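Read the structure below first, then the notes.
The values are calculated or read from the model by the stated rules, or taken from the named source; none is laboratory data. Being a predicted model, the structure only gives us computed values, none of them experimental. Glycine gets a Cβ as well: all are built from the backbone with ideal geometry, and neighbour counts include every protein chain shown.
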Amino acid sequence: MILDWLLDGMVALLILAAALWTLAAPTPFAAVIGFVGFGLLASLAWVRLAAVDVALTEAAVGAGATGVILLQSAVRLRRGAAEVAAATPGRATTLLAGLLAGGLGLGLALAVLALPATVPGPAAEAAARSAEVGLGNLVAAVLMAYRGLDTLLESIVLVFAVLAVWAMGPDRHWGGIPGPRFARQRDGPLALLARWLPPVGIVIGIHIAWVGADAPGGKFQGGTVLAAMWVLAWGAGLVRPPSVADRRVRLVLVAGPLGFLLAGLLGAVLDGSFLAWPAALGKPLLLLVEAAMTLSVAAALALLVVGPPERRA
Amino acid sequence: MTATTPAGWLLVVALVLPVAGMLLAFVLGGRAAERLALLLLGLGVGVGVAVSAAVLRMGAPIVYLPGGWAPPLGLALVADGVAAAMLLTTALVLFAVALFGRAAHATPPDQAETRAALAYWCFLLALAGSLAAAFLGGDLFNLFVALEMLTFAALSLACLEGKPSQFRSELRYLLFALIGSVLYLLGTALLYGGYGTLDFRLLAGRTRADLPTLLAAALMTAGLAAKMALFPLHLWLPPAHAGAPPAASALLSGLVVKAAFVLLLRVWIWVLPPLPAMAAAPLLAALGAAAILVGSLVALRQARLKLLVAYSTVAQIGYLFLMLPLVLSGAAETASHAWLGGLLQAGSHAFAKAAMFLAAGLIATALGHDRVTALGGAGQAVPRAVFAFGLAGLSLMGIPPSGGFTAKWLLLTSALGDGQWWWAAVILGGGLLTGGYVYRVLAGTIAAPPGDAPRPRPLPHGPQNVALGLALISVALGLLPLASFGLVQIGRPGALGALP
Amino acid sequence: MSGPVLYGLLGAALVALGLFGLVVQAAVLRKILAFNLLGGGVFLLFGVVARRTAPAGLAADPVPQAMVITGIVVAFAATALAVAMALRMYQITAAVTVSPPPDAQAGDA
Amino acid sequence: MSAALQFLGLLLAAAGAFFFVAGSAGLIRFPDQLSRLHALTKADNLGLGLVALGLLPFAAGVFAALKLLVIWALVLLSGASAAQMVAERVRAAEPPA
Amino acid sequence: MTGAQGLMVLTLAAPLALLLACLWPAPRRRVPGLLWLAPLPGLLAALFAAGAPPLVMDGAGLRLTLALDAPSALLLGAAALLWSAAGAYAPAYLGRQAGLERFAVWWLVTLWGSLGVFLAGDLVTFYLTFAAVSLAAFGLIVQDGTPRARRAGEITLLLAVMGEVCLLLAFALLADAVPTSSLAIADAVAALPGSPARGLILGLLVAGFGLKAGLVPLHVWLPLAHPAAPMPASAVLSGAIVKAGIIGLLRFLPADGALEGWGDGLAALGLFTAFWAVGCGITQTNPKTVLAYSTVSQMGVTVAALGMGLALAVPGTAMAVAFYAMHHVLAKGALFLAVGLAGAVGGARRTGLLLLPALFLALGFGGLPGSGGALAKLAVKPQLDAGLVGALAALSAAGSTLLMLHFIRRLASLPPADATARPSWVPLLAWLGMAGAAVLGPWVLFGAIGPGDPWLGDSWEALAKDPVGLLWPVLLGAVLALLLGRWGGHLPTVPEGDLLVLAGRVGRGGAIIGAAVSHLEKRLRAWPTAGLALLVLVLALFGALLAGAG
């Protein structure tokens, strides 16, 4: 009991330290490094909270993908210190903000402590009826079946975010290659990594997505690993991102959500309600949609990391 | 709890149509996107009418359980009076704005696809989908996802033109909206911790007035107020809405703000226990009153027309908050009047503000600038747009026989009936100030163009007719008999059925 | 003082830090970082809630965990959009903050 | 039998922990960036290896044990190449002495 | 739907029909020529539909009712006659100006409102027509497009909108006071004494209608607007549109003496207005401004009569006040037409056709025996002859005579175009027709207000009874006019819309407040401040909710 309490305490303190460093770091680059550390420690906390799926997602998306994007931006947004100094509020405002935020945090802490000990949640019913859906991993069951609409909307938000990021680019670059250009690495550590890691990564990614049905894993986590491998290859100059106007990329992006939507309509026809998994087709349809979603998530995350088009085709 | 009702499939169509449309439009590219968008938004109007008719016929909210899973485990799509009315309003405004934008955002013949054209039509469909999800959602977390998608769609529409000055104001909008969303999410976490479900119909009547519930309500209200640009938190709205292209700012001011308002109603009228709600409602109404007075006063002094209209949005949002203390006041008569008044204000403001922004856009293109002091000649160049601006102004001022008048009359009588006369004074003061800045613009456009200014070029009648149509709808809302707005009362906790 | 409550307090602290950072820090990148800290704190609270509403048989309630996964992905999409805009703003106007230059005219804040 | 293996595992894990502590001490105490890189990659990778070996007896099955070793191999690969890249960057940033 | 109710509907339908015709360019060119036709159904309704049962249109859930009792029939008839004469006069007068068609549109909207006000039987119709007549008058005022006209129009519109707001609040309070949710005016007036906010409602009603009728503090727009408007518009503004305020007071103030003190207050305000207007009027040089001040003065007397009538609960007050106002509509409209005609008539014909009838009408306002004005004064005698009020009323008659003689002098000094100028027959017919109506109308209808025989019989007896009482104010006025003629130069020249100068300072104060508020708002839009505001809002809401739950 004491060991648990000690471990949790230590993890919590480390996370708090990383968060404080992220705020107080002198340069943006250092802050981002702190943030990536915070993300990894947070995934440790999720394991302690018996949420391994979330730990995977936090590590992959929360710390990994977000970390890459922020690192990229930290490198490109180096200047402007004078403007930042001018815009930083005075001591009084900072103190007041600290006080108010602290007060809110205190209120929140009291509210968390005042939460009722036992609450009749839907979890028991979720566990009991997971057999109907055929998914052992309850979190996957909630994501794909019970709250299917959430996941559908969320995957559409991802696709939409890609289009929104692309639309940030200037008109003249539309149809061009997104993201900065990386010189092709002949040899050196990055070339080595970019040649050895992706095959292993792809196998692991697919494994995570596949095993998600019955054990911690799933499409978002698997998709992120696949995206990471592609970004590594792109970073090493081994592969060129597709043109923004390329129909195939858009099809891959849209395959997941559209597949989920069609399966939902199929469920409405066969099983009487939209987004129901028809008993007849059951498992194979679910796996097909899961695979399509993994591909779409991988493509979306990779393209979000790459960013808006910055040069003609 | 409640199974899927007969007309429930309509809700799925209302949600799936625009969303699937966006995915297809994104794949099919420029020109196909435009045709698909126009087709789907047209169908959207049909679906909106069908949903409202179904709700009216059944006299009770329509429910659909996706996947057959009943809450608290699954999600529910709910179309009660409020949702149906707002769905219909948004469908009409969206279709009108789509027609308005055809000329400006068509793919030029020589190119296969341009950024602005594809983006405009996809974002329009995404906006339609997210608005439908925000109105029809029954689960507070599902509403969070819909709200996020709505913010992204609105943001992308706003910086479509990519003007340099626009990126800073849009970034302010995104960051402030994100703070709002996260506070809202924090509220849902506490609510789930307290009750084990997030379906607002399950929560209605079962919430206790304890610490977590009240903090959750405070966080969610503040988050939604930030997304609605309620007075002290309006820093992002004027530059974001003024800098956006006319079609985008019409949607931003008219519709996007209303989605957060409907969520606010869900929290305050359904989820919150009545006693604390009644105590805190005057605080929100006071901020609303401040929004009306300061917003109108600052609008009166604006140098640019689009900023003037944007500040008018900040002011008119205040009216929506005035209805809270009246609806929660307990007296059934006052509550139903105020409820109808508030929602009629939301509806007529949606049409009027959309018409006003479209008209302002046309005036700016005709004159080449939008300085309020030099609007001379606009009356001759784009007469219908100026007339649309005037009609919309009348509706915002609350001059009979417009929808705005009926809304403000209902709020006025319920405020006086309940003895809270100070809200009545604010409503009248707001009307006067609104009259001030509407007159300032109209008088400017009627005047003769200054000698040296370049001849304002007359614009085609198509887009002007759209703006005029929207303004006429806003005025026509005032002519409809009060009994016909019974739709809005359906599904309101404590409603006495249709208005007497 | 069981484990989950400890993480609850941590979550509250992270929310406070995140809000403080968002309000006070001027650079857009620092604001986005603070926003992610704030999100992390909120999701931790969801995790604590998941532990409390867990039925007898299960270690944690899967429904809030599913919400957290959805939340993390949406937060990532938001961060990606914000970063893209920040980079675009920097390319065009070399600005790294969202507060208007002091001589900005009342309108174009 | 298994008790002895578990005791051996614990011993190895403790040794691994010691190497981690050494690595961290090196990170803090060493004067310039290159030597800190050196300390980190050498000590931590070895430490992780020992910890992985130490956990083998506790692993749920052969498959889990294999996963532990794959994890160690991946960290070795990425740790080494990352350190190499950082070293190149530090070398490039130095003035041409 | 009896014939009479048909006439009432036709009164409102005719202007709307012409308005619809304006939508298409072809008929729009002919509409200005038909302006004189639009008010005629109103005249017929006044003659034949007086006292007909109210027509209730239960359309949109709001029971829109049209009703016409005797006093409003009097006013409706006179107003319709003036609108028709001015309508015939307008195309000839404006013929050469460009915006004739736009003027016609504004004219028709104002006409619809002006006639509709007399017919409205429920709150919504009354508010709609009242809004039409006060807001659309702006279009008539700014017709010339000169900066002076725009300033007058803006001030008129601003005050009109404030009047509308007062009335909206008053009607909301009234609607709330009525137990059943019916919006009929009769129920509203019945419920007025009972409602707790009786004082507030009465104050708002007097403010709203007083502003339209031109009672002192709120009269500033009248002397500005009437001279700035083209001639036919000034005639209708002074004659018919101002009466909307009077009919409002007649309709909404409860007649059964439940006013405890409001009646006397009104009387005092009315008399003060009468004397103030005369004081300002005599210093003016433009004959139209003098007439405008004369309107303010006469409206003051009318309101005084109404006030005293309500305070003393004199039976038949409404009829008497309506009769007095009717005479004012006809006479003042005629005089404005005369001023319009002055430029077009020259030589001997000028004195015969113009100056003499104008003089007779002008003295009528003073109460010259034998003129319509005398009968008007006799009609309101029961209300205004009690002791001090009687003396003041007589003095105000003298003041009116002085003001009107000053007007005649200013009118005569207007330069005629040239000696041989012959006016076209339409304006001449309009002027003489109105002058004749101003004289004969009261004679014919005097009996209708008295108990006796409606035709001629009573007027001679009333005149014979007290000729001296009517004559001395006229003589006193004439003497004062002679004195004014000699020493007029020394009087300080009061700017048009006298109290407006004070308003200027209020405007500047408003600008300062506006600047302060927008500066505060700009500081609020700084990011840290907005962030703090958000945090404060969360904590404040949390506190308020806790207070509620505690």
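Observations
Rundown of residues vs (1) at the interface with chain C (Cβ under 10 Å from one of its Cβ atoms); (2) free of Cβ contacts under 8 Å to residues at least 12 places away in the same chain; (3) touching a strand residue (DSSP E or B) at 6+ places or on another chain (Cβ under 9 Å); (4) of a type in the set (D, E, K, R), yes/no style:
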| residue | (1), (2), (3), (4) |
| --- | --- |
| A:35 | yes, no, no, no |
| A:57 | yes, no, no, no |
| A:62 | yes, no, no, no |
| A:66 | yes, no, no, no |
| A:74 | yes, no, no, no |
| A:84 | yes, yes, yes, no |
| A:91 | no, yes, no, yes |
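- Condition met for residue C:10 (within 7 Å of chain A (Cβ to nearest Cβ), surrounded by 24 or more Cβ atoms within 10 Å (Cβ to Cβ) and touching a Ser or Thr at 6+ places or on another chain (Cβ under 7 Å)): no
- Test: residue B:409 is surrounded by fewer than 17 Cβ atoms within 10 Å (Cβ to Cβ) and at pLDDT 85 or above: no
- Subset of region A:100-112 that is in contact with a Leu (Cβ under 9 Å, 6 or more places away or on another chain) and more than 7 Å from chain C (Cβ to nearest Cβ) - its residue that is farthest from residue A:146 (Cα to Cα): A:100
- Members of region E:143-169 that are free of Cβ contacts under 8 Å to residues at least 40 places away in the same chain and aliphatic (A, V, I, L, M): E:157, E:158, E:161, E:165, E:169
- Only one of E:204, E:159, E:167 that is more than 9 Å from chain B (Cβ to nearest Cβ) and closer than 21 Å to residue B:407 by Cβ: E:167
- Region E:192-223 - residue that is among the small types (Gly, Ala, Ser) and assigned to a helix (DSSP H, G or I) and, of those, surrounded by the fewest Cβ atoms within 10 Å (Cβ to Cβ): E:199
- Count of region B:97-109 residues, restricted to those that are in a helix (DSSP H, G or I) and either surrounded by fewer than 24 Cβ atoms within 10 Å (Cβ to Cβ) or of a type outside the set (A, V, I, L, M) (or both), is 6.
- With respect to the conditions (1) in a loop (DSSP other than H, G, I, E, B); (2) at the interface with another protein chain (Cβ under 7 Å from one of its Cβ atoms); (3) farther than 15 Å from residue A:51 by Cβ, residue C:60 lacks only one, and its number is (3).
- With respect to (1) more than 18 Å from the chain's Cα centre (by Cα); (2) in a helix (DSSP H, G or I); (3) more than 7 Å from chain A (Cβ to nearest Cβ), the lone exception for residue C:100 is condition (2).
- Which numbered condition residue A:289 fails, given (1) under 28 Å from residue C:82 (Cβ atoms); (2) crowded, with 17+ Cβ neighbours inside 10 Å; (3) among the β-branched types (Val, Ile, Thr): (1)
- Any hit, region E:105-118, residues being assigned by TED's automatic domain parsing to the domain that holds residue E:226 and touching a Cys at 6+ places or on another chain (Cβ under 7 Å): yes
- Of all residues in region C:21-57 being within 14 Å of chain E (Cβ to nearest Cβ), assigned to a helix (DSSP H, G or I) and not β-branched (Val, Ile, Thr), the one that is farthest from residue A:108 (Cα to Cα): C:30
- Residue in region E:144-152 that is assigned by TED's automatic domain parsing to the domain that holds residue E:270, assigned to a helix (DSSP H, G or I) and buried (at least 21 other Cβ atoms within 10 Å of the Cβ) present: yes
- Considering residues of region B:161-194 that are outside any helix (DSSP H, G or I) and either within 10 Å of chain C (Cβ to nearest Cβ) or buried (at least 24 other Cβ atoms within 10 Å of the Cβ) (or both) only, the residue modelled with the highest pLDDT: B:163
- Among residues of region D:38-60, those that are in a helix (DSSP H, G or I) and farther than 21 Å from residue D:77 by Cα, counted: 2
- Filtered by the rule that a residue be within 12 Å of residue C:61 (Cα to Cα) and surrounded by 22 or more Cβ atoms within 10 Å (Cβ to Cβ), region A:109-140 gives A:121, A:122, A:123, A:126, A:138, A:139.
- Filtered by the rule that a residue be of a type in the set (Asp, Glu) and outside any helix (DSSP H, G or I), region D:61-97 gives a lone residue, D:94.
- Test result for residue E:535, within 14 Å of chain B (Cβ to nearest Cβ) and in a helix (DSSP H, G or I): yes
- Of the residues making up region E:180-221, those that are within 27 Å of residue B:333 (Cβ to Cβ) and either in contact with a Leu (Cβ under 8 Å, 6 or more places away or on another chain) or hydrophobic (A, V, I, L, M, F, W, C) (or both) number 18.
- Tabulated pairs, region B:283-302, first touching a residue at least 40 places away in the same chain (Cβ under 8 Å) and over 17 Å from residue E:522 (Cα atoms), second assigned to a helix (DSSP H, G or I) and among the small types (Gly, Ala, Ser), C-beta under 6 angstrom, 6+ apart or interchain: B:288/B:318
- Selected residue (criterion: surrounded by the most Cβ atoms within 10 Å (Cβ to Cβ)) from residues of region B:198-233 that are of a type in the set (Val, Ile, Thr) and more than 7 Å from every other protein chain (Cβ to nearest Cβ): B:213
- Restricting attention to region B:471-497 and to residues that are of a type in the set (A, V, I, L, M), closer than 30 Å to residue B:269 by Cα and surrounded by 17 or more Cβ atoms within 10 Å (Cβ to Cβ), the residue that is modelled with the lowest pLDDT turns out to be B:495.
- Qualifying residue in region D:16-37 (condition: modelled with pLDDT of 90 or more, farther than 30 Å from residue D:90 by Cα, in a helix (DSSP H, G or I) and among the hydrophobic types (A, V, I, L, M, F, W, C)): no
- Residue match in region E:224-232 (condition: assigned to a loop (DSSP other than H, G, I, E, B), within 16 Å of the chain's Cα centre (by Cα) and more than 23 Å from residue B:414 (Cβ to Cβ)): yes
- Boolean, residue B:154 is touching a helix residue (DSSP H, G or I) at 6+ places or on another chain (Cβ under 8 Å), in a helix (DSSP H, G or I) and closer than 27 Å to residue B:63 by Cα: no
- Across region E:89-112, the number of residues qualifying as closer than 21 Å to residue E:336 by Cα and outside any loop (DSSP other than H, G, I, E, B) comes to 14.
- Residues that are within 14 Å of another protein chain (Cβ to nearest Cβ) and of a type in the set (Gly, Ala, Ser) within region E:495-528 comprise E:507, E:509, E:510, E:511, E:514, E:515, E:516, E:518, E:526, listed in sequence order.
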